[in-house]
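Everything below concerns the one structure shown next.
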Amino acid sequence: MSRPLNFDLIAFDWDGTLFDSTRIIVRCIQGAVRDVGGTVPTDEAAGYVIGLGLMQALAHAAPDVPESLYPQLGARYQHHYLAHQNDISLFDGVLELLEALKTRGHLLTVATGKSRRGLDEALQAVELKGRFDASRTADETAGKPHPLMLEELMREFGTTPERTLMIGDTTHDLQMALNAGCASVGVSYGAHEPAAFDVLKPRAVVHSVAELQTWLLNHA
């Protein structure tokens, strides 16, 4: 296989980048905070924390909920999410995108704020078997924007920051890439408004999976 043009390793965020889950996650965060008696965050506030580790996200979204209720808050989020997880699917075109990149010889990985258990459950889907070479989650490394997830993936495959690309829908993803010395691409169809991406210097901001595939095949 010929050497990829610019990047050997491509790391994808999960929710809001590959998986069409943003709206449901927002509702689940709001439901969990409501259940424990906290002030329910706005859609914008709940969406902002997507991509962080679960408890980091919930604590940020519910600053008036005492730490003593965090276990209950986390349990209520899981309750709401499990009730809706079968309503969530990959964005249209994701499988074709992954196949095209695999054919080109890129290493494909996932760097996500999800838990290891949550990601493994998602990856059990038949269509995702063998699509990714490795993955890292917030609960086994460090939450975004800490660069540990990317650092571990690069170390596993012997790649360098200059040959690694992070793709995500939040400022947390792009800041993690910046902290790791890697390039990034932002997608505008997820949790964060793309106007916030500019200061984090992504190589591009794309507005659909089809546009992402075109950019990657031309530039990655």
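The values are calculated or read from the model by the stated rules, or taken from the named source; none is laboratory data. For clarity, every value in this text was computed on a predicted model and none was experimentally measured. Glycine also receives a Cβ, built like all others from the backbone with ideal geometry; neighbour counts cover every protein chain displayed.
Some points to look at:
- Residue among ALA111, ALA138 that is more than 14 Å from GLY168 (Cα to Cα), crowded, with 20+ Cβ neighbours inside 10 Å and touching a residue at least 60 places away in the same chain (Cβ under 8 Å): ALA138
- Residue-level analysis places THR39 outside the set of residues that are touching a residue at least 60 places away in the same chain (Cβ under 8 Å) and either part of a loop (DSSP other than H, G, I, E, B) or farther than 18 Å from SER188 by Cα (or both).
- GLU151 touching a residue at least 24 places away in the same chain (Cβ under 8 Å), surrounded by 14 or more Cβ atoms within 10 Å (Cβ to Cβ) and out of contact with any strand residue (DSSP E or B) (no Cβ under 8 Å at 6 or more places or on another chain): yes
- Residues located in the range 133-178, provided they are under 22 Å from VAL209 (Cβ atoms) and modelled with pLDDT under 95: LYS144, ASP169, THR170, THR171, HIS172
- Residue in the range 45-83 that is farthest from THR112 (Cα to Cα), counting only those that are in contact with an Asp or Glu (Cβ under 7 Å, 6 or more places away or on another chain) and not in a helix (DSSP H, G or I): ILE50
- Qualifying residue in the range 125-132 (condition: in a helix (DSSP H, G or I) and surrounded by 20 or more Cβ atoms within 10 Å (Cβ to Cβ)): no
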